[in-house]
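Novice: Could you have a look at this structure, given as structure tokens, before my questions?
The values are calculated or read from the model by the stated rules, or taken from the named source; none is laboratory data. Predicted model only: the values in this text are computed from it and were never measured. Every residue, glycine as well, gets a Cβ built from its backbone with ideal geometry; the counts of neighbours run over all protein chains shown. Heads up: the accessible areas ignore ligands, DNA and RNA and are worked out on the full protein's heavy atoms, side chains in. Shrake-Rupley method; radii C 1.70, N 1.55, O 1.52, S 1.80 Å.
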Amino acid sequence: MQHEIKPLELLFLWRLAAAGGGDWLKDVKPDPGAPARKRLEASGLIAQVKQKPPGGRAQALHVSLADEGWAWLGGHLDADLNTKSTAGADVLRLLLARLKTFLDRKNLSLGDFMAPGESAAEPPAIDDPKARVTTAYYALSDGRANARVRLADLRRELAAIPRPVLDGALLDLATSGEASLYRLDNPAEIRAEDRDAVLRTPSGEERHIVYLGGRGS
């Protein structure tokens with residue numbers, strides 16, 4: 001770090017983080033000014049690039065957090081944000097929206113996150129993950145056996161189960177003959193969420209869908 005981060009500069013960095021890591025400078029408040037941005041860039045915390053925005057004609061300045069910027073924020077969550085800028089409320093709103101998305105994805109309540117208590121030090125044991133898979137499968141297939149269910153949908157339904165545990169349960173069901181795992185052979189059918197949810201067998205083969213109660217065709 002080549003210079004001390006001032007509260008207004010820190011709020012600026014949080015504004016970029018709240019936007020997902022970067023934004024067009026014209027939309028960013030507060031803007032600490034060109035000299036401060038140059039110092040942040042020289043310290044490796046941000047990157048500034050002039051480029052055409054979507055649908056725009058003239059080039060505009062896009063500012064984004066560099067890897068070192070993300071790391072610095074993560075290591076200074078308790079840094080002083082005392083500033084006279086009125087932009088803090090907007091930054092907080094954006095950060096809370098990000099927090100809501102995170103809580104929804106992890107199936108957590110705000111209380112779980114803010115006041116987890118001593119029991120949250122270790123994740124709760126997953127009670128019979130294979131039974132949980134079976135219950136979720138039939139909920140997604142409207143109670144039908146031998147119906148195709150995407151692993152992406154199953155993972156979303158069982159978001160509380162750690163991925164390695166869920167993968168192990170699916171592979172155990174396949175080994176016992178209770179489930180059949182297949183890949184989607186048509187590339188047009190494979191969505192981004194299917195790629196994210198892919199299960200890899202011990203031999204490295206990709207699987208995107210599952211059938212329970214009989215072998216799928």
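Novice: Using the charge dipole of the chain (Lys, Arg: +1 at Cβ; Asp, Glu: -1 at Cβ; taken about the Cα centre), state which of TYR182, ALA60, LEU73 has its Cα farthest towards the positive end.
Specialist: Farthest along the dipole direction, towards plus: ALA60.
Novice: I'd like the distance separating the alpha-carbon centroids of segment 59-80 and segment 175-217, in whole Å.
Specialist: Answer, in whole Å: 38.
Novice: Still on this structure, please answer the following. What order do you get for 84-96, 129-141 when each peptide is scored by the mean count of other beta carbon atoms within 10 Å, highest first?
Specialist: 129-141, 84-96
Novice: Kindly point out which whole DSSP H helices in the chain project their C-alpha atoms 24 angstrom or further along the helix axis while averaging a Kyte-Doolittle hydropathy of -1.0 or above.
Specialist: On the way: long enough: 88-106 (27 Å, 0.21).
Once both thresholds are applied, what remains is 88-106.
Novice: Given the peptides 189-195, 157-163, arrange them by the average over their residues of other C-beta atoms within 10 Å, most packed first.
Specialist: 157-163, 189-195
Novice: How much length would be gained if the chain were fully extended between ALA145 and LEU108, taking 0.36 nm per residue of separation minus their Cα-Cα distance, in nm to one decimal?
Specialist: Gain in length upon complete extension: 10.3 nm.
Novice: When the convex hull of the C-alpha atoms of segment 1-88 is computed, what volume per residue in Å³ does it have?
Specialist: It is 95 Å³ per residue.
Novice: Ok, one more. Could you provide, to the nearest whole Å², the per residue accessible area of segment 31-105 with probe 1.4 Å?
Specialist: Values: 5080 Å² over 75 residues.
Here the residues of segment 31-105 average 68 Å² of exposed surface.
Novice: Hey, another quick one. Projecting each Cα onto the charge dipole of the chain (Lys/Arg +1, Asp/Glu -1 at the beta carbon, about the Cα centre), which of GLN51, GLY213, LEU94 comes out farthest on the positive side?
Specialist: GLN51
Novice: Using +1 on the beta carbon of Lys and Arg, -1 on that of Asp and Glu, and nothing else charged, what's the dipole of the chain about the Cα centre, debye to 20?
Specialist: 920 debye
Novice: Take the alpha carbon gyration tensor of segment 88-198, find the square roots of its eigenvalues, order them as a ≥ b ≥ c, and report rounded if a/c is under 1.5; if not, report prolate when a/b exceeds b/c, else oblate. The partial results should precede the final answer.
Specialist: Details: a/c = 2.73, a/b = 1.56, b/c = 1.75.
Note, shape of segment 88-198 comes out oblate.
Novice: Could you state the accessible area per residue of segment 130-189 in Å², with a 1.4 Å probe and every protein chain left in place?
Specialist: For segment 130-189, the solvent-accessible area averages 53 Å² per residue.
Novice: Provide the FRET efficiency to the nearest 0.05 for the LYS130-ARG98 pair, computing r from the beta carbons and using R0 = 41 Å.
Specialist: So the FRET efficiency works out to roughly 0.75.
Novice: Match the structure shown to one of the listed values (1) 8, 29, 29, 21, 12, 2, 0; (2) 7, 24, 21, 20, 18, 8, 1; (3) 8, 31, 34, 18, 5, 3, 1, 0 of P(r) over Cα pairs in 10 Å bins from 0, in percent, computed from it, and give that label.
Specialist: It is the value labelled (2).
Novice: In the chain, what percent of the accessible surface is made up of carbon and sulfur (1.4 Å probe, ligands and nucleic acids excluded)? Please list the in-between numbers first.
Specialist: Numbers: 6950 of 13410 Å².
Of all accessible area on the chain, carbon and sulfur atoms account for 52 percent.
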